[in-house]
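Some notes on the structure that comes next.
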């Protein structure tokens, strides 16, 4: 294993750890991949990083499902929607630039950070009456964020958590469990597209996938053990890191 792959594996471990707790692992992996693999196309880098993202999310989802029960019919409907939306988003990524979306996402995340800081009970309790919700709400979330994950990517896990809390009334644990399963579908949609395009660097993607999975398992267990307050703290950290990263891209890059 060369030094570049080794560094990317260390990055993948931490990305899997953070992603399993509250999402946003792509904010760690994507910049590292683009910096350390300068001779490869953006599609190759993003496509290759979807493999470790999928593996980490898969094992994190298994861990969460031992604690949180989700109806199979619901997650199948939402997952298929997310898969299709992500596939379309990744197809669009191969055809056009996505930089025009960054200022929009920056504004959205500023609002999310302010709201989460101000509303101390955000995601701390589940609104019981909303555990059964109109399916169309979940489908709309999966359409929009599924496309976003395929087209832009970083921060999609965090945005899914926000949507499930604010629109469907989940607590952080419930929102995380749902987000992990939807993230599996969005990652798979992108993987299918990038595989068909021959854009995945398997010699890098597979070692990173092992490291990401290990981080995902450890992070998910810690999230379940420490509960909603711990998840909220990590959530705020990831949102602030996202703002810094997008702010750099929009204003300084």
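What follows draws every value from the coordinates through simple rules; no lab data is involved. Remember, it's a predicted structure, so these values are computed and weren't measured experimentally. Glycine also receives a Cβ, built like all others from the backbone with ideal geometry; neighbour counts cover every protein chain displayed.
Of 162, 224, 88, the sequence from fewest to most neighbouring Cβ atoms within 10 angstrom is 88, 224, 162. The residues 142, 244, 92, 9, when put in order of fewest to most other Cβ atoms within 10 Å, stand as 244, 92, 9, 142. Residues 76, 208 in ascending order of nearby Cβ atoms (within 10 Å, fewest first): 76, 208.
How much length is gained on full extension from residue 80 to residue 197, taking 0.36 nm per residue of separation minus their Cα-Cα distance? List each step's numbers first, then the result.
Working: separation 117, 0.36 × 117 = 42.12 nm, distance 2.12 nm.
Taking residue 80 through residue 197 to full extension adds about 40.0 nm, to one decimal.
With each label modelled as a point 7 angstrom along the Cα→C-beta vector, the residue 66-residue 244 pair spans 3.3 nm. The distance separating the Cα centre of the stretch 162-216 from that of the stretch 5-52 comes to 12 Å. Take the Cβ atoms of residue 1 and residue 251, set R0 to 35 Å, and the FRET efficiency comes out at 0.40. Spacing of the modelled spin labels on residue 140 and residue 225, each 7 Å from Cα toward Cβ, amounts to 4.0 nm.
With no solvent and one point per C-alpha, what does the Debye sum give as log10 I(q)/I(0) for the stretch 1-56 at q = 0.15, 0.18, 0.21, 0.31 Å⁻¹? Computed log10 I(q)/I(0) values: -0.37, -0.53, -0.72, -1.34.
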